[in-house]
């Protein structure tokens with residue numbers, strides 16, 4: 001089956017984007033990319049047809065697909081559209097996220113043909129999943145794309161497509177919400193980079209120290225984008241959780257899990 005390849009991803013710290021792009025490069029060169037990271041790019045409806053192939057990539061938040069993305073995906077529709085589902089997690093675990101992503105899109109007219117769970121550097125600390133996806137991860141992702149392309153060449157009609165099975169449980173694990181936002185120190189030069197790049201417009205555009213806790217995803221994009229390292233997490237309980245992650249999974253190397 002020859003298809004128009006579309007990349008659809010949300011990637012605050014660029015790890016998900018790297019994986020989705022690598023899988024796409026293994027499939028083919030005729031690629032259309034839709035980056036959903038900024039709120040302004042999540043306004044319009046998206047419709048894909050039977051001649052499209054869509055790679056959907058999202059980061060894992062506490063074992064789930066971010067809730068606001070589930071809401072946004074109501075605007076994304078398919079019509080017998082083949083899809084590949086990718087989740088990227090910070091080396092702890094992806095729990096039910098891949099199954100949830102698959103279920104969400106298959107209810108919207110998409111047909112899953114492959115799925116994968118990959119590892120990215122944890123958004124809270126560079127000490128967990130350090131430097132990932134690395135060269136080995138990206139090689140796995142490209143080879144995964146090549147395997148998908150080989151599968152597509154063997155499919156001549158939809159009757160040949162078998163139901164995709166991935167890891168995960170339903171009901172999905174309960175969502176966890178922590179009301180914490182990054183704080184800003186005196187190094188801030190008020191350049192506005194943090195507000196400009198916030199996926200949820202949670203940072204006040206006139207007072208960059210003010211962050212709406214109801215909107216903040218704790219994606220750490222503002223921390224990583226700040227040119228003077230003026231933002232960080234200071235909440236004691238939250239930092240204890242981060243230290244627990246470091247203590248338990250910083251020396252473990254989880255490997256991608258692929259379903260095709």
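Every read-out reported here was derived from the displayed coordinates using simple, explicitly stated rules and does not represent laboratory data. This structure is a prediction, so every number in the text was calculated from the model and none was measured. No Cβ is skipped: glycine too gets one built from the backbone with ideal geometry, and neighbour counts run over all protein chains shown.
The stretch 183-234: percent of C-alpha pairs farther apart than 16 Å? Within the stretch 183-234, distances greater than 16 Å cover 25 percent of Cα pairs. How tilted is helix 15-27 with respect to the longest principal axis of the chain? Cα atoms for both, answer in degrees (0 to 90, nearest 10). Taking the Cα atoms of the chain, the angle to 15-27 is about 20 degrees. With the convex hull constructed from alpha-carbon coordinates only, the stretch 140-260 shows a mean projected area of 11.9 nm² over all directions. Structure remark: mean-square fluctuation, Gaussian network model of the chain, C-alpha springs under 10 Å; the largest value among 68, 85, 110 belongs to 68. When each of 50, 198 is scored by the number of other beta-carbon atoms lying within 10 Å, the sequence from fewest to most is 50, 198.
Helix 135-153 and the longest principal axis of the C-alpha atoms of the chain enclose an angle of approximately 30°. Helix 97-106 and the long axis of the chain differ in direction by around 50°, with both axes built from C-alpha atoms.
Taking every DSSP beta bridge that has both residues in the chain, what percent is antiparallel when rounded to the nearest 5? Before the final figure, lay out the partial values.
Working: 7 of 36 bridges.
For the chain, the DSSP antiparallel bridge percentage is about 20.
Determine, for 165, 80, the number of other Cβ atoms within 10 Å of each Cβ, and report the residues in order from fewest to most.
Details: 165 11, 80 14.
Least crowded to most crowded, the residues run 165, 80.
The mean sequence separation of alpha-carbon pairs under 8 Å and at least six residues apart, normalised by the residue count of the stretch 183-234, gives a relative contact order of 45 percent. The Cα center of the stretch 41-99 and the Cα center of the stretch 181-260 differ in position by 22 Å. Maximal additional length on extending the residue 201-residue 185 stretch stands at 3.8 nm, based on 0.36 nm per residue less the C-alpha distance.
Just to be sure I understand, if you calculate Cα Rg over 2.2 N^0.38 Å for this structure, which of (1) 1.14; (2) 0.97; (3) 1.02 do you get? After the calculation, the listed value that fits is (3).
Taking other C-beta atoms within 10 Å as the exposure proxy, 52, 45, 186 rank 186, 45, 52 from fewest upward. Considering only alpha-carbon pairs that sit under 8 angstrom and 6 or more positions apart, the relative contact order computed for the chain is 21 percent.
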